[in-house]
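Since the structure comes first, as structure tokens, the remarks are kept for the end.
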Amino acid sequence: MLVDSHSHLFLEEFAEDLPQVMQRARDAGLSHIFMPNIDSTTIEPLLSVCTAYKGFCFPMIGLHPTSVNDSYEKELEVVARQLASPNEYVAIGEIGLDLYWDKTFLKEQLLVFEKQIEWALEYHLPIVIHTREAFDYIYKVLEPYKETGLTGIFHSFTGTSEEVARLLEFTGFMIGINGVVTFKKSQLPEVLKDVPLARVVLETDSPYLTPAPNRGKRNESAYLKDTLIKVAEVYQMSPELVAEATSENALKVFGMPK
Ligand code: NI
């Protein structure tokens, strides 16, 4: 069993060969692929892929911080409507703060993030958090929710030991590890040594962040194996055991039966 907790296989990068991409994922031993939404333009492709691959691909709904701009109210309204209608969303994601590309909409990003956290509590859904150059803000926003039962994943964690220690204070949250851990200059293998395996989930973030030895190519869920092998090396455990443990962690946080 192997679970990709974060993959965007509904994007146009996969329009030409999606059936082959899915087959390679199954051949690599994947049992579940969890798919975070981006914004109103991606909901239709997301849902059509998750319907075509029902029982294998699972959708989340949310507004990504890099899609927050002047029309954020309209975008939030779309998310609200999706949540209020009958649906199969397993989480609210991906949401968070991204100050790497643009700080113009920081105020709006904060507002959108908090609104979606409130919805997660209201609908009893976990959240999948994207953070880029915004660690202190993320911590500050989340701190009041420590005792609320809020759960989720800190997706694509690439920070320091101090940062991971602070994130681990949120006991309902997992740390999402992807291909970055295989990059030559990554500090992540060192940092991971301080993270209990019980708090780790694996992800690809396809089509981005392809692990070595395919770094630079389009990423896909089958390449999760390369991240698994590296993480197993860090924990000095067999890939089979790490696959089992991280898959159980992912299914637990998404509230899915094994
Ligand atoms: Ni993503």
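The values are calculated or read from the model by the stated rules, or taken from the named source; none is laboratory data. Fair warning: this is a prediction, and the values are worked out from it, not measured in the lab. Here the Cβ positions follow ideal geometry from the backbone for every residue, glycine too, while neighbour counts run over all protein chains shown. Just so you know, the surface numbers come from the protein's heavy atoms only, side chains and all, with ligands and any DNA or RNA stripped out. Shrake-Rupley method; radii C 1.70, N 1.55, O 1.52, S 1.80 Å.
Separation of the alpha carbons by more than 30 angstrom is noted, of K107/K230; K54/K107; K115/K193; K184/K258; K185/K217, for K107/K230; K54/K107; K115/K193; K184/K258.
If packing is taken as the average number of other Cβ atoms within 10 Å across a peptide's residues, how do 34-40, 70-76 rank, most packed first? Write down the numbers at each step before the final one.
Values: 34-40: 23.9, 70-76: 14.0.
With the highest mean Cβ count within 10 Å placed first, the list reads 34-40, 70-76.
Fully extending the segment from L121 to Y100 would add 4.8 nm, taking 0.36 nm per residue of separation and subtracting the current Cα-Cα distance. Taking a ≥ b ≥ c as the square roots of the eigenvalues of the Cα gyration tensor, region 164-225 is prolate, since a/c reaches 1.5 or more and a/b is larger than b/c. Within region 172-223, none of the chymotrypsin sites (Phe, Trp or Tyr not before Pro) combine a DSSP coil assignment with at most 13 other C-beta atoms in a 10 angstrom radius.
Return the loop-located GluC sites (Glu not before Pro) in region 7-48 (DSSP other than H, G, I, E, B) with at most 15 other Cβ atoms within 10 Å of their own Cβ; answer none if there are none.
Working: sites: E12, E13, E16; in loops: E16.
Sites meeting the loop and neighbour criteria: E16.
In whole percents, the pair-distance distribution calculated for the chain from its alpha-carbon pairs, binned every 5 Å from zero, is 1, 6, 14, 19, 21, 18, 13, 6, 1, 0. Along region 56-63 the Karplus relation, 6.51 cos²θ - 1.76 cosθ + 1.60 evaluated at θ = phi - 60°, assigns HN-Hα couplings of 10, 10, 10, x, 10, 10, x, 10 Hz to successive residues, with x for each Gly and Pro. Solvent-accessible area assigned to carbon and sulfur over region 2-253 amounts to 51 percent, based on a 1.4 Å probe. Less than 5 angstrom separates the built amide H of F173 from those of G152, all sequence-distant by 5 or more or on a different chain.
Which of the trypsin sites (Lys or Arg not before Pro) found in region 171-205 are loop residues per DSSP with 15 or fewer other Cβ atoms within 10 Å of their Cβ?
Values: sites: K184, K185, K193, R199; in loops: K184, K185, K193.
Sparse-neighbourhood loop trypsin sites (Lys or Arg not before Pro): K184, K185, K193.
Solvent-accessible area per residue in region 2-253 equals 45 Å², computed with a 1.4 angstrom probe and all protein chains kept.
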